[in-house]
1. Given the pairs 95/126; 227/322; 89/147; 53/147, which are separated by over 18 angstrom at their Cα positions?
2. Between (i) 21.1; (ii) 14.8; (iii) 19.7, which entry matches mean projected area of the Cα convex hull in nm² as derived from the coordinates of this structure?
3. Report the net charge of residues surrounding residue 274, where surrounding means a beta-carbon distance below 14 angstrom and charges are Lys +1, Arg +1, Asp -1, Glu -1.
4. Cα centroid distance between the range 67-125 and the range 274-291, in Å?
5. For the pair residue 90 and residue 46, what calculated FRET efficiency results from E = 1/(1 + (r/R0)^6), where r is the Cβ-Cβ distance and R0 = 35 Å, to the nearest 0.05?
6. Rounded to the nearest 10 Å², what accessible area does residue 337 have for a 1.4 Å probe in the complete protein model?
7. Calculate for the chain the 222 nm mean residue ellipticity that helices alone would give, adding -39,500 (n - 2.57) per DSSP H run of length 4 or more and normalising by residue count, nearest 500 deg cm²/dmol.
8. If you take every residue apart from residue 188 with its C-beta less than 14 Å away from the C-beta of residue 188, what net charge results, scoring Lys and Arg +1 and Asp and Glu -1?
Amino acid sequence: MHKVIKNVLRVTSAVAVLAFATFDTGTVINPVQVTTPSGKQASFVDGENVEIKESKPEGYVVSKNNEDILVTRNNILVKEVVSNNIVVKRITALKKDKNTEEAIRFLLEDEELSVIKNEGQYSLVKTEDNLTGYVLSEDISVSVMPKINLGFIKNAFVFGGRQYNKDDALIVRDYENGNFVCLDNSGNIIAVQKDNIRFQEEILNRSDDELNRVNLAESNNIISIAKAQLGKPYVYGSSGPSSFDCSGFSSFVFRQLGIKLPRTSVSQSGFGKPVDKANLQPGDLLFFNTSGAGVSHVGIYIGNGQFIHAASGINPGVVIDKLNSNYYIRTYVNARRVL
């Protein structure tokens, strides 16, 4: 259903990560010829992958033949965006001293950090919960997120036996062989001819009706992506794609739509907008006190009084449970809306 985006940059120093991070990436969607700063002609072919060095109002600066070239926005589909955030690549120890084996705590996969200082093999970092310590530099990297391109169908068509109507909202994920690879509001991957999609990036320019369709598409896609993980095992500290802990599961699911959640359930419980339990909508995050010491678990509401989560109990793994079961009535804390 989705591509798992991995940053293969090997970290030799946190300073180097920030200074020499990989660029945003995209694909050329229209053949184009551009005059370079040196006066030469540079040609880009349909489907060519490019690294985007800079984004400007008039277009994207890409590198070709050792020159930086400006290509207009309508000719490139941006697919991946590199942030300046530093994240944990795999579960690893946060140490008080780099010369000891004693851990302050273990850092979770995809947990976000601030780098205070690089000291070669180790980096001094600060966590989201304000802990400071040392971590192996090779266990952290820059964060890479999928770019969410929202598009609307121009003309109705049928794909895979399903009817798609004019102005239906789709999430455009990729471009191949003259077609956009899109995610529909049920989580299905479909191919749409490139001239049958109109993009509308500025949210202020969308009508209320378009906004409603976008919100519905996003919430349905969240549920579809979440359900695709059913049965995968629970592993503490893991954030997918083959195993999860509870907050790793929720962060993984939302990340597929380009939404970056904090890594822990406690942090997620303060993210987004509060929602009354009586007004829950599919895609809302649900939080529980399963430890007796505050928020310690998170799931995703899927409608009809049910939610999906990575459970660690008697039947560990990604499962669907009823919100009105005695256990979850007793442990429920609050809900937040991100979409």
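The values are calculated or read from the model by the stated rules, or taken from the named source; none is laboratory data. Predicted model, so just to flag it, every value in this text is computed and none were measured. No Cβ is skipped: glycine too gets one built from the backbone with ideal geometry, and neighbour counts run over all protein chains shown. For accessibility, only protein heavy atoms count, side chains too; no ligands or nucleic acids. Shrake-Rupley method; radii C 1.70, N 1.55, O 1.52, S 1.80 Å.
1. Check vs 18 Å cut-off fails for 89/147.
2. (iii)
3. Net of charged neighbours comes to +2.
4. So the separation of the two Cα centres works out to 30 Å.
5. 0.40
6. 60 Å²
7. -4000 deg cm²/dmol
8. Value of the local net charge: +1.
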